[in-house]
Amino acid sequence: MKRKTSQISTIFYFLFFFVLSTSFAQVVSKTNDYFNLKNRLKFGNYLFCQQDYLRAIDEFNAVNKKIKNDTLDFKIGYAFEKMRKYDKAIEKFSELNGNKNLSGLSRLETGKIFLLKKEFPEVYKLLIDSIEYKNNLRQYAGRLKYLTYLYDNKPLPDSSNYKLWFSSKVLPDVMKFYRRKQNPHYKSETLSGVLSAIIPGLGKIYVGEIGDGITALLFNGVLGFLAYNNFKANHKFRAWLFTGLTAVFYGGNIYGSVAAAQIYNSGVNFRFTRELNLFSKKHNYFLPKFKFLCE
Amino acid sequence: MCKYLYINVLLILFLVNKTGFAQVPENQLKFADSLFKAQNYFDAITEYKRLLFFDGNNEYDFSANYKIALAYKFGAKYGSAINYFRIASNYAKLPEQKFNIELMIVRTNILRGTENVALQMLDDLMKQAGTVSKKKEIYYWRGWAYMFKDDWENASKSFAQINPNHKLKLLCDKVNDEKYSVTFAKVISYILPGFGQFYTGHYLSGLLSLGWNVLWGYTTVNAFASDRIFDGLVIANLLWFRFYRGNFQNAEKFAKQENLKITNKALYKIQTEYRGLKP
C-alpha cells in the first residue's frame, strides 16, 4: 500500500513539474510571441506585401538590430524607394555594395532611383561598367542605361545598341520612343516669329493655334488700317494713337507666336516623357521583379 | 483522498496553461488600446495590425479593424480609414454595428470633402432606417454634410427635422441670413454699376466702379450724340464695356469672398464652441 502511494507521488511530481514547466514556458513565450524576431520578420513581410512600407521598415529594423540580414537591408531600401524617400533608399542600397549576392541588384535599384530623380549622369556612372555585372544582371544594367538615354537630353547612341539589349517583344515600342526622341515633332520658334512678322498671326497658325492666328491677323489689320486711314484724313492724334496700338499688337503677335511655339514644344516633351514613364513603369524599368520580396 | 488532491492540482495547472494561451491576444489588444488612448495612432495601428495578423481565431477582426479605421481617421488618412471601416463592416455581426460603421464612413467623407458621397450614403441609409432615433442621426449628419458643402439652407432644414430649435439649425439660419446673394450682387451691378460692391460693403471699389462707368458711358453717349460714331464705338468697346464688365465681375467676386469669410467664421465657431458630436 505504502509502495503504491509512493509510486503515485512520483508520477504526480513528474507530471506536476512537466506541466508546470511547459505551462510556464508557453505563457512566457506566448506573451512575447508577437515580438520575437521570427514573428516580427513574418509580420514585417506581411506589412511589406500590403504596401504598408513605413511600418514594415520599423519591423525589419527591429529584426536587423539583433541579427544583421542583407536581404532585410535590401527590403528596407526597396521600401524607401517605394515611398519615394530616394536618398534614404540610396543610402540603404549603398550598404550592400560589398555583398556577394545583392550588390548587383542594389546597384541596379540605385540606378533606377537616379533615373527617377533625373540625375542621369549618376545612372551612367553607375551602369557604365555594366560589364562588371554578373552575366544575368548585365542585360538589366544595359537596358536601364539605354532607357536613360531616352530621358536624357544627351545625343542618342546608335540604334543598334537598342537592338542588342532589348528583346524582340519590346523592341518595336522602344524604337518608337527612340525615333520620337531623335526626331521630335517640334515647331521652330524662329520660323513661327518670322512668319508672324511677315503676316501677323501666321506663326500661330503654323503652331496650330488657328483661332488665335486669325484674331491676331484681324486685330493687326484693323488697327493698321485705322492708323493709315487717320493719317490720310489728317487726324494726326488718332493716327498716332492707332499707330502705337498697331505697333504694340504687332510686337505682341510676334512674341506670342514665339511663345506659342515654345509651349507647343514643351507639350511635345511633356507627352513624350509621360508616355515613356508609363511604358517604363509597365516594364519595371526593365529591372528584374524580385519574387523574394513578397513570398 | 490524496489521489483526488493530485488530480485537482493537475487540473488547475492545465487550466493555468490554457489561460496562458488565451491572454496573449488580449494583452496585445490592451497594448494597442493603450496606444490608441494615448493618441499614438501610428503605433496603435501597427499593434492592431499585429493582433490581426497573429490572431488565428479571427476573434478581433471586427474590433481591431474598426480601431484601425478610427486611428486612420484621427490621423487624417481618410482614404485608409474608409477602407478599414469597410473591412470592419464585413465582420460586423449586428445590424447596429453595420449602421454605425456606415455613419462613420459618412463622417469620414464629410471630413474628406466628399460631401456628395456622404449625402448619397445618407439617402441610402434613410431607406433602410427603421427607428426614429436612426432617422434623427441621419438628419444630423446630413445637416453636417450640407454645412461643409456650404449649403446652409438645406443644412438648416435637416437639423429642423430633429428639432425646430436645434442649436445647429439656429446657427445655420444665422449664417444663411448673413450671407450675401451672389446673384443679387451681380444683377444690381448690371443695373447700377458699383452697387453690387456697395451691397457687399466695398464702398471705395463701388465708388470707383461707378465713377469709371459714368465717365466712359457719358463719353460714349457724347461721341454718338456728336455723330462721332467711330469714337463712340472705340470708347464703348475698349473702355466702357471693359469697366462695365469689371464692375459686375468684381461684385460677384466680392460676394463670394464675403460668403467664404462668413462660412469659415461659422465653421470655426462650430469647431471651437459646439459641444455636440462632430464629424
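Derivation of every value follows stated rules applied to the coordinates shown; laboratory data play no part. Treat the numbers as computed from the prediction; the structure is a model and nothing was measured. Note: ideal-geometry Cβ built from the backbone for every residue, glycine included; neighbour counts use all protein chains shown.
Return a yes/no flag: does region A:268-287 have any residue that is in a helix (DSSP H, G or I) and acidic (Asp, Glu).
Taking region A:268-287 and keeping what is in a helix (DSSP H, G or I), we get A:268-282, A:284-286.
Subset that is acidic (Asp, Glu): A:275.
Yes; the residues of region A:268-287 include at least one that is in a helix (DSSP H, G or I) and acidic (Asp, Glu).
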Original post:
How about region B:28-43: which of its residues are more than 10 Å from chain A (Cβ to nearest Cβ) and touching a residue at least 12 places away in the same chain (Cβ under 8 Å)?
Top reply: B:LEU29, B:ALA32, B:ASP33, B:LEU35, B:PHE36, B:GLN39, B:TYR41
Original post:
Among all residue pairs at least 6 apart or on different chains, which show Cβ distances below 9 Å where the first residue, located in region B:260-271, is in contact (Cβ under 8 Å) with a residue 24 or more places away in the chain and the second is not in a helix (DSSP H, G or I)?
Top reply: B:ILE262/B:LYS179; B:ILE262/B:TYR180; B:THR263/B:ASP150; B:THR263/B:LYS179; B:ILE270/B:LYS278
**OP:** Under 6 Å between Cβ atoms, at least 6 apart or on separate chains: pull out the pairs that start in region B:44-69 with a residue that is touching a residue at least 24 places away in the same chain (Cβ under 8 Å) and away from every other protein chain (no Cβ under 14 Å) and end on any residue that is surrounded by 17 or more Cβ atoms within 10 Å (Cβ to Cβ) and assigned to a loop (DSSP other than H, G, I, E, B).
**Re:** B:PHE62/B:ALA92
Subject >> Subset of region B:216-253 (residues that are of a type in the set (Gly, Ala, Ser), in a helix (DSSP H, G or I) and surrounded by fewer than 19 Cβ atoms within 10 Å (Cβ to Cβ)) >> reply: B:GLY217, B:ALA223, B:ALA225, B:GLY246
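Considering each of B:TYR274, B:TYR268 in turn, give the residue that is closer than 28 Å to B:ILE110 by Cβ and surrounded by 12 or more Cβ atoms within 10 Å (Cβ to Cβ). Give the derivation first.
On the way: B:TYR268 fails: surrounded by 12 or more Cβ atoms within 10 Å (Cβ to Cβ).
Every option except B:TYR274 fails the conditions.
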Original post:
Any chance region B:143-161 includes a residue that's surrounded by fewer than 18 Cβ atoms within 10 Å (Cβ to Cβ), touching a helix residue (DSSP H, G or I) at 6+ places or on another chain (Cβ under 7 Å) and among the basic types (Lys, Arg)?
Top reply: yes
**OP:** Answer with yes or no whether A:LYS100 is away from chain B (no Cβ under 13 Å) and within 19 Å of A:TYR140 (Cα to Cα).
**Re:** yes
**OP:** Hey, can you tell me all the residues within region A:198-219 that are outside any helix (DSSP H, G or I) and hydrophobic (A, V, I, L, M, F, W, C)?
**Re:** A:ILE199
**OP:** Might you let me know whether region A:103-111 holds any residue that is touching a Leu at 6+ places or on another chain (Cβ under 9 Å) and of a type in the set (Asp, Glu)?
**Re:** yes
**OP:** State the number of residues belonging to region A:165-184 that are surrounded by fewer than 17 Cβ atoms within 10 Å (Cβ to Cβ) and outside any helix (DSSP H, G or I).
**Re:** 6
**OP:** Just need a number here: residues in region A:38-54 that are more than 10 Å from chain B (Cβ to nearest Cβ), among the aromatic types (Phe, Trp, Tyr) and free of Cβ contacts under 8 Å to residues at least 40 places away in the same chain.
**Re:** 1
Original post:
Looking at this structure, is A:LEU276 more than 16 Å from A:ILE199 (Cα to Cα), hydrophobic (A, V, I, L, M, F, W, C), surrounded by 17 or more Cβ atoms within 10 Å (Cβ to Cβ) and over 35 Å from the mean Cα position of the chain (by Cα)?
Top reply: no
